[in-house]
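K.L.:
There's a structure below that I have some questions on.
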Amino acid sequence: MTLPVACTRTVATDERGPACLWADAGIEPPLGRWWVLQTHARNEKVVAGALARQGVAHYLPLVRRPRVYGGRRQTVELPLFPGYVFLCGDAGACDAAWQTRRVSKILRVHDQQGLRTELRQVQRLVESDETAELYPALVAGRRCRVVSGSLRGIEGVVVRRRRASRLYVAVTILGQSAVVEIDGSLLEAID
């Protein structure tokens, strides 16, 4: 499975679940390394659009959320990680991001393979039919792997809330996790 990395079109356009903006590029573009762009408030889609127009590889995971505007209920696509866009490229790609004047900081990613793995898991989570939400910090708990179903193979930390189990899938460099409710019988503990 390849990870979409550039923002040019929307997938999962039906009402079933989340979507992300992407282009037909793979998780490992031929040149460059992954960086994390910290954007100004509510500028993630603008930055992603500007990067797409310039042909810069990036990834912006989006989830669908119901909102009410003027008494009318609408479904909108919001960034799973508000304030962040993932960029893959060289110094020139980082310069292109700075030139948008909507990026406040560019974070260097030291563990490239770790981020690729985490982004693949986030992509699968976002593309699944499950409702994903942002969880502000990784919760201490047991590390588990999903053994069957649409999320098979995803690893995260599981915490029980009332009667439901929740799986937290981390993006370590952000210090944040996406969370999804899951049947505990679909999980296995990993050491």
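The values are calculated or read from the model by the stated rules, or taken from the named source; none is laboratory data. Keep in mind the model is a prediction, meaning the values are calculated, not measured. As a convention, Cβ positions derive from the backbone with ideal geometry for all residues, glycine included, and neighbour counts pool all protein chains shown. All accessible areas refer to the heavy atoms of the entire protein, side chains included, with ligands and DNA or RNA removed. Shrake-Rupley method; radii C 1.70, N 1.55, O 1.52, S 1.80 Å.
K.L.:
How many nm separate the modelled label positions at residue 101 and residue 68, each set 7 Å beyond the Cα in the direction of the Cβ?
P.N.:
Between residue 101 and residue 68, the simple spin-label model gives 3.8 nm.
K.L.:
Using only alpha carbon positions, build the gyration tensor of the stretch 38-191, then give the equivalent ellipsoid semi-axes as the square roots of 5 times its eigenvalues, largest first, whole angstrom.
P.N.:
29, 20, 13
K.L.:
Ok, one more. Calculate, axis by axis, the spread of Cα positions in the stretch 73-141 along the three principal axes, and write the results as whole Å, longest axis first.
P.N.:
In descending order, the Cα extents are 37, 36, 21 Å.
K.L.:
Using a 1.4 Å probe, how large is the accessible area of residue 152, given in Å² and rounded to the nearest 10?
P.N.:
It works out to around 150 Å².
K.L.:
Full-extension gain between residue 75 and residue 183, please, as 0.36 nm times their residue separation minus the C-alpha to C-alpha distance.
P.N.:
So the extension gain works out to 36.3 nm.
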